[in-house]
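Please read the structure below before turning to the comments.
Bear in mind that the values in this text are calculations on the coordinates, not laboratory data. All of these numbers come straight from a predicted model, not from anything done at the bench. With ideal geometry, Cβ positions are generated from the backbone for all residues, glycine too; neighbour counts draw on all protein chains shown.
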Amino acid sequence: MRIILLSIALICGLSSLANVENPRGSLKDGQVIKLYQGKAPGSEKWTHQEVTLSNTSNPITFNVVEPTMKVYLPEKPNGTAMIVCPGGGFCMLSIRTEGELAAQELVKQGITAFVLKYRTSPMLMKDGRAPKDAKEFFEVYMPLAEACKQKYKDKHNGQEPTVTEWCREVPYQEMAFADANQAMKVVRQNAEKWNLNADKIGIMGFSAGAITSMHQTLFNTPEAQPNFTGIIYGGWTPDVKVPAGTGPVWLCSPVNDIFHVEEPENVYHAWREAKVPTELHTFWDCNHGFGASTFEKNVDNWLALMIGFMRDVKFLED
């Protein structure tokens, strides 16, 4: 079923690319771009509604049905673009701390940022309604997460999964992958019209968004190949194979992350052995989910370090 859903999403996504409702002319700050014309392929029968819980310290968005990108436009764009993928276990999006705040920092460097709102697995109470607050949301989410972990164990003789591995069992993870792929195609297809450099389009993500960004980097067609990848508390399994022509990868995570230490290291070692530029940073006094918030700790420097690396590898130039 998982393979069938992915095939449907990818095939329909490719066939619908020519019909995407791309805006004409220049981009506008705050503009929202639909990735597909009409309903997104593979989820046409979804009837639930998107929900954002904003009365929390970290606003979350879930039940995303229509995937979009929100534009963050610098005053003086330099042609570099970045697709930003928030995390949330493929069931929600930390849309502010792992989307908006990161984009606001990128535009200070002249980077045009696109915050991707990809489809998430439906979160519904037993009576079919959407959770009304964070408490109800996690009443639905936690059993699902545990079920995904157990499903992995059942398939692998009780082996404890890494985060990357158990996330493979989250329903509709493939929708996020298909939406990231479509987002990359839309940005590159419109690069000339939007005054972007088609050879300087990157993708970065946090947690589940990092997995999504890594998947986009590892599995794509040439027109959807990122020129740069930022992996913020994420990683991959040991079977990492660096694609031909891939760009630099920058990674960071807490020392004691929920992702096993080898998950980002798998990526780092693969890129290093392929002699493609890469850096890996780990921060001591922080937790998973720090995003682009500030804590008056060393971890606050992660984005400046990534921007420095982007300059070193000439992905970002003045």
Next on the checklist: Using the basic label-point model (7 angstrom from Cα toward the beta carbon), what is the A198 to K108 distance in nanometres?
Outcome noted: 3.3 nm
Item to check | Long pairs among K117/K151; K28/K193; K70/K314; K126/K151; K28/K76, criterion Cα-Cα beyond 18 Å | outcome: K117/K151; K70/K314; K126/K151
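What value, in deg cm²/dmol to 500, does the helix sum -39500 (n - 2.57) over DSSP H runs of n ≥ 4 give at 222 nm once divided by the residues of the chain?
Details: 8 runs with 100 residues, N = 318.
Per the formula, -10000 deg cm²/dmol.
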Checklist outcome for this item: Bridge orientation stat for the range 61-185 from DSSP, antiparallel percent rounded to 5, came to 65 percent
Checklist entry - Quick one: if you stick a label point 7 Å off each Cα along the C-beta vector at Q31 and E273, how many nm between them? => result 4.3 nm
Next on the checklist: Can you compute the modelled spin-label distance between V255 and W284, with each label point 7 Å from Cα toward Cβ, in nm?
Outcome noted: 0.5 nm
Checklist entry - By how many nm would the segment from K135 to Q159 grow when fully extended, if each residue of separation counts as 0.36 nm and the alpha-carbon distance is taken off? => result 5.6 nm
Checklist outcome for this item: For the chain, inverting the pair-averaged 1/r of distinct alpha-carbon atoms gives a Kirkwood value in Å of 19.6 Å
Next on the checklist: Tell me the relative contact order for the range 2-312 as a rounded percent, counting alpha carbon contacts under 8 Å between residues six or more apart.
Outcome noted: 15 percent
Checklist outcome for this item: Using alpha-carbon positions, the gyration tensor of the range 154-210 gives root eigenvalues a ≥ b ≥ c; with a/c under 1.5 called rounded, otherwise prolate if a/b exceeds b/c, else oblate, the class is prolate
Next on the checklist: Can you give me the long-range amide H partners of G235? Hydrogens built in the peptide plane at 1.01 Å from N, cutoff under 5 Å, separation of 5 or more residues or another chain.
Outcome noted: I211
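Taking only C-alpha pairs under 8 Å that are 6+ residues apart, what is the relative contact order of the range 124-191 in percent? Write out the running numbers ahead of the final one.
Numbers: 29 pairs, mean separation 13.0, N = 68.
Computed value for the range 124-191: 19 percent relative contact order.
Going by the alpha-carbon gyration tensor, a ≥ b ≥ c the square roots of its eigenvalues, is the range 166-259 rounded (a/c under 1.5) or, if a/c is not under 1.5, prolate (a/b greater than b/c) versus oblate? It would help to have the intermediate numbers written out before the result.
Details: a/c = 1.92, a/b = 1.58, b/c = 1.21.
In terms of gyration-tensor shape, prolate.
Order by neighbour count: D257, D179, fewest other Cβ atoms within 10 Å first, most last. It would help to have the intermediate numbers written out before the result.
Values: D257 22, D179 27.
If I rank by nearby Cβ atoms, fewest first, I get D257, D179.
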Checklist outcome for this item: the range 2-312: antiparallel bridges as % of DSSP beta bridges, rounded to 5, reads 35 percent
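Within a 10 angstrom radius of the beta carbon, how do T56, T164 rank from fewest other beta carbons to most?
Working: T56 11, T164 22.
Lowest count first: T56, T164.
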Checklist outcome for this item: Least to most buried among I33, I111, I232, by other C-beta atoms within 10 Å and fewest first, runs I33, I111, I232
